[in-house]
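Participant: Pasting a structure here, questions to come.
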Amino acid sequence: MSKETKKDPSAPLTHKEIMFVLSGLMVGMLLAALDQTIVSTALKRIVEDFNGLSHYTWVVTAYLLTSTASTPLYGKISDLYGRRPVFQFAIVTFLIGSFAAGASQNMSQLIIFRGLQGLGAGGLMALTFVIIGDIVSPRERGKYQGYFGGVWGLSSVAGPLLGGFFSDHAHIFGIVGWRWIFYINLPFGIGALIITTASLHIPKVKREHKIDYFGALLLVTAVTVLLLGISVYGPQNGWADSKTVTSLAIAIILTIAFLVQESRAPEPILPLTLFKNHTVALTSALAFVIGAGMFGAIVMLPLYLQTVKGNSATVSGLKLIPFMLGIVSMSILSGKLISKHGHYKRYPIMGLVLMTFGIIGLSTLSETTPFWKLSIFAIMIGAGLGLSMQTIVIALQNAVEFKDMGVATSANTFFRSVGGTIGVTIFGTIYANRLAHYLPLGVAKLAANNPTALAGATPEKFAALKNNTAVIKTFTPELQASIYHSFVQSFHVVFLAAAPVTTLGFLLALMLRETPLRSGAAHHAAKEEAAGEALA
C-alpha cells in the first residue's frame, strides 16, 4: 500500500518553487525601493496641502533614518528567530505605515508614519538577499539575484514617474491624488504577504540566544544622529554650525561605544569577528563606495535635466530609462554568466570601470548636449551598477558561515545605504558650493560686458532662484544663458568629484579573492551543518 510522501522542508527547492518565492520577495523589495524616490516628486503638493514647508525634508529623512538604522538589526534577529516571521513582520509594519501615511491629516502625522514605513522597509531590503542566500546555492544564485538588480533599476525610474502622476491629479477615485503614493502599496504588499506565507517554508533553526539590546540601542542611536548631522543639519545650517558639529561628535562617541559593546557582548548584533574575513571587509567597503558613487552621481542627473534642459519631473524620470536598461540587462547577464562559469571577480572590476568612465562622461555635459549622448553615459553607469551591486553580495554570502548569513548580508545593505546617504549629502554640498561661486562670477562678467542684460533682475529674484528655478524664465536671454552655464559648471565639478570615488571602488575590486562558489549539494550540506551545530 503506497503512501504519498511529503516533501522534506529542508530539501532544496525546485526552480519553479524558487521563482514563486522570488515573486513575493521582489514585490516587497520593489515597494521599499520605490518609497525612497516616489515621494520626492509629490513633496510640493503635499507641502501645499499641509502648509508644512518648514518640515518638508523630514518626510524623506524620517524614512531614511528608520530604514537605514534598522537594516543590520533585521539580519541578526532573523538569524535567531527565522526568516519568514521577521520578513512578514517587516511587510506588515510597512503596510501599516503606508496606510497611516496616506490617511495623515497634518505634517507631523505624515513624518511619524513615514518613519514607521521606513522601519518596515529596512527589513524588506535587508532580508530579501538573506532569504535568497538561504534557498539558493552561491553557484546558482547569480541567475536569480540578477532580477533584483532589475527591481532597483525599475524603482529608480518608476518612483519619480508615479510620484509625479499621482500628485498631478487632484483626485483619483474620490481620494486626493498624492495619497495614492502610499495607498498603492497596500494591494502589492498584501500580495507579497500571501505569496511568502504560502511559499516561504525555510526551516527555523532553534538556537540558544541572548539579544544584545544595549548594542542595538547604541547602533540605532549612532546611525540616527549621524544621518541627522549629514543629511539635515549640515545642508540646512552649514557644516560649522553647532548642531552639525555636535551631532557628528555624538555619532563618533556612540560608534566607539558600540564597537566596545560588540567586542564583549555574548551575542553581538554585528559581530566584529566577521570583519576579520577578507571578503566581508572588502565587500562592505565596496558597498559603501558603490552606494556613494551611485546615489551621489545619479541624483544629479534629474536635477540637470530639470534645471538646464527645462524638463518636467515626469519627463526627467522618463529620460532615466537608459540608466534602468543598463542595470537590468547587466544584472541578468552577469548573474547568468556567474552561474554558468562560476567566476565573479571580473564583473565588479568591469562594472566599476564602466561607472567611472560614465561619470567622467557626465562631466562633459553642456547646455546643448543631445539626449543620445547623455543616454550613452547613463547606460554605462547603469551597466556598471548591474555588474557590481549583486555580484559583491554573492561573493560575500559565499565567504561566510551559514549561521552568519543574515547579519553579514544585512550589514552589506547597511553600508550601501549609509554610503548613498553620505554621497548624496557630499555631492549636494559640492554642487551648492560651486553654484554659489560660479553664479555671481558669471553675472558680474555679463554686467561688465553687457549691462542691459541684467534688466529686471532684482536682488529679490536672485534670492528666489535658490528655491525656485522657474524665476530664470523672467530674465533676459543673455542672463538666462549665463545662469544655465553656471549650473553646468557646477555639475561638472560634482561629476569629477564622483569619479575618484568609483575609481577607489575599482581598486578595491581588484583586491577581491575569488573562491569557488558552493554548489547546490555543498550549500545544502552547509545549511544542515549549521542546523546541527545550533541543535547541539
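Participant: Kindly list the number of the only condition in (1) farther than 29 Å from L127 by Cα; (2) surrounded by fewer than 24 Cβ atoms within 10 Å (Cβ to Cβ) that fails for G358.
Facilitator: Against the list (1) farther than 29 Å from L127 by Cα; (2) surrounded by fewer than 24 Cβ atoms within 10 Å (Cβ to Cβ), G358 comes up short only on (2).
Participant: Against the definition (more than 19 Å from S199 (Cβ to Cβ) and without any contact (Cβ under 8 Å) to a residue 12 or more places away in the chain), how does Q109 come out, yes or no?
Facilitator: yes
Listed here are the residues, each with its yes/no results for (1) modelled with pLDDT under 85; (2) touching a Pro at 6+ places or on another chain (Cβ under 7 Å); (3) under 22 Å from L496 (Cα atoms); (4) not in a helix (DSSP H, G or I).
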| position | (1), (2), (3), (4) |
| --- | --- |
| S284 | no, no, no, no |
| A287 | no, no, yes, no |
| P322 | no, no, yes, no |
| G335 | yes, no, no, no |
| I349 | no, no, yes, no |
| L354 | no, no, yes, no |
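Participant: Would you mind stating whether W152 is in contact with a strand residue (DSSP E or B) (Cβ under 6 Å, 6 or more places away or on another chain) and assigned by TED's automatic domain parsing to the domain that holds K76?
Facilitator: Values: in contact with a strand residue (DSSP E or B) (Cβ under 6 Å, 6 or more places away or on another chain): no; assigned by TED's automatic domain parsing to the domain that holds K76: yes.
Criteria not met by W152.
Participant: Here's another thing I want to ask about it. So in region 168-219, with the set limited to residues that are of a type in the set (S, T, Y) and in contact with a helix residue (DSSP H, G or I) (Cβ under 9 Å, 6 or more places away or on another chain), which one is modelled with the lowest pLDDT?
Facilitator: S199
Participant: Could you figure out which of (1) in a helix (DSSP H, G or I); (2) crowded, with 23+ Cβ neighbours inside 10 Å; (3) hydroxyl-bearing (S, T, Y) isn't true of S329?
Facilitator: Status for S329: all satisfied but (2).
Participant: Now, a different point. Go through I96, I77 for me and flag whichever is modelled with pLDDT of 90 or more and assigned by TED's automatic domain parsing to the domain that holds L25.
Facilitator: Step by step, each of I96, I77 is checked, and only I96 is modelled with pLDDT of 90 or more and assigned by TED's automatic domain parsing to the domain that holds L25.
Participant: Could you check how many residues of region 313-326 are over 15 Å from F377 (Cβ atoms) and surrounded by 24 or more Cβ atoms within 10 Å (Cβ to Cβ)?
Facilitator: Residues flagged as over 15 Å from F377 (Cβ atoms) and surrounded by 24 or more Cβ atoms within 10 Å (Cβ to Cβ) within region 313-326 amount to 1.
A quick yes/no check of all residues on (1) exposed (fewer than 15 other Cβ atoms within 10 Å of the Cβ); (2) modelled with pLDDT of 85 or more; (3) of a type outside the set (S, T, N, Q):
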position	(1), (2), (3)
K445	yes, yes, yes
N450	yes, no, no
T474	yes, no, no
Y484	no, yes, yes
H492	no, yes, yes
L507	yes, yes, yes
L510	yes, yes, yes
H524	no, no, yes
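Participant: Something else about it: Which one is surrounded by the most Cβ atoms within 10 Å (Cβ to Cβ), of the residues in region 239-263 that are out of contact with any helix residue (DSSP H, G or I) (no Cβ under 7 Å at 6 or more places or on another chain) and part of a loop (DSSP other than H, G, I, E, B)?
Facilitator: W239
Participant: Another question, if that's okay. Within region 116-132, does at least one residue satisfy the condition of being more than 24 Å from G149 (Cα to Cα) and touching a Leu at 6+ places or on another chain (Cβ under 9 Å)?
Facilitator: Checked against the condition, which is being more than 24 Å from G149 (Cα to Cα) and touching a Leu at 6+ places or on another chain (Cβ under 9 Å), region 116-132 yields no hits at all.
Participant: Identify, please: which residue in region 122-170 is among the polar types (S, T, N, Q) and part of a helix (DSSP H, G or I) and is, among those, surrounded by the most Cβ atoms within 10 Å (Cβ to Cβ)?
Facilitator: The extreme case among them is Q145.
Participant: Right, here's the next one. Give me the pairs, please: first residue somewhere in region 187-198 and in the same structural domain as L22 (by TED's automatic domain parsing) and in contact (Cβ under 8 Å) with a residue 40 or more places away in the chain, second residue anywhere and surrounded by 14 or more Cβ atoms within 10 Å (Cβ to Cβ) and of a type outside the set (A, V, I, L, M, F, W, C), beta-carbon distance under 6 Å, and either six or more positions apart or on two chains.
Facilitator: Listed by first residue and then by second, the contacts come to A192/G24; A192/G28; I195/S23; I195/G24; T196/G24.
The values are calculated or read from the model by the stated rules, or taken from the named source; none is laboratory data. These numbers come from a predicted model, not from an experiment. Glycine also receives a Cβ, built like all others from the backbone with ideal geometry; neighbour counts cover every protein chain displayed.
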